[in-house]
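Each remark here refers to the structure printed beneath this line.
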Amino acid sequence: MFEALRRSGYIALAKIAMHNREHIVMLRPGKYGILMHTMYYKDEVRQTEEFRTDISLVKDKELELATSLIDSLTASFEPEKYKDTYRENLKGLIAAKVAGKETVEAPAPQHLAPVVDILEALKMSIAEAKKPVRSATGRTAPVEMPQAEAGSKKGKKTPAVG
């Protein structure tokens, strides 16, 4: 099928079950094999107009705070910092089952997160990012934030999350 799709210039459409529901997928030839992309149903596609943001509602102070927070969190991307905990937990569960151990379902969360004022949360995040870091000797060491690439804030730096 790979070579036939590649030569024909066509793609294939299919329906699959994933995450307890049906999805429409597109199969297309890639460089070394067939690639699959999930697609959206028509009612899942939103019109661009639904997402227009009225930036006239943003106050200068709020924009400065948000920009300051982004600048304070900017760091090089380190993919090794991110782990697929779902997969790790699933492997652990499977290993426990294979070993004959009894497994139990995790309890559902009992409370919702509190609603916060976004402006106050931004101020607290900026203050937290500016706090000096204590070294092993107990002395306060200045925090150095990575600088953006020369001539542009775009580059290999991204806001860190978490």
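The residue list Ile94, Ile34 contains one member that is in the same structural domain as Arg6 (by TED's automatic domain parsing) and more than 22 Å from the chain's Cα centre (by Cα), which is Ile34. Within the set Ala136, Ala95, Ala160, the sole residue that is within 30 Å of His19 (Cβ to Cβ), among the small types (Gly, Ala, Ser) and modelled with pLDDT under 80 turns out to be Ala160. The set of residues from region 25-63 being of a type in the set (Val, Ile, Thr) and within 18 Å of Met1 (Cβ to Cβ) comprises Val25, Ile34.
Looking at Thr67, Thr74, Thr85, which one is touching a strand residue (DSSP E or B) at 6+ places or on another chain (Cβ under 8 Å) and among the hydroxyl-bearing types (Ser, Thr, Tyr)? The conditions single out Thr74.
Among the residues of region 52-71, which ones are charged (D, E, K, R), closer than 16 Å to Ile126 by Cα and more than 21 Å from the chain's Cα centre (by Cα)?
Lys61, Glu62, Glu64
The values are calculated or read from the model by the stated rules, or taken from the named source; none is laboratory data. Just so you know, these numbers come straight off a predicted model, no measurement behind them. For neighbour counting, all protein chains shown are included, and Cβ atoms are generated from backbone atoms with ideal geometry for every residue, glycine included.
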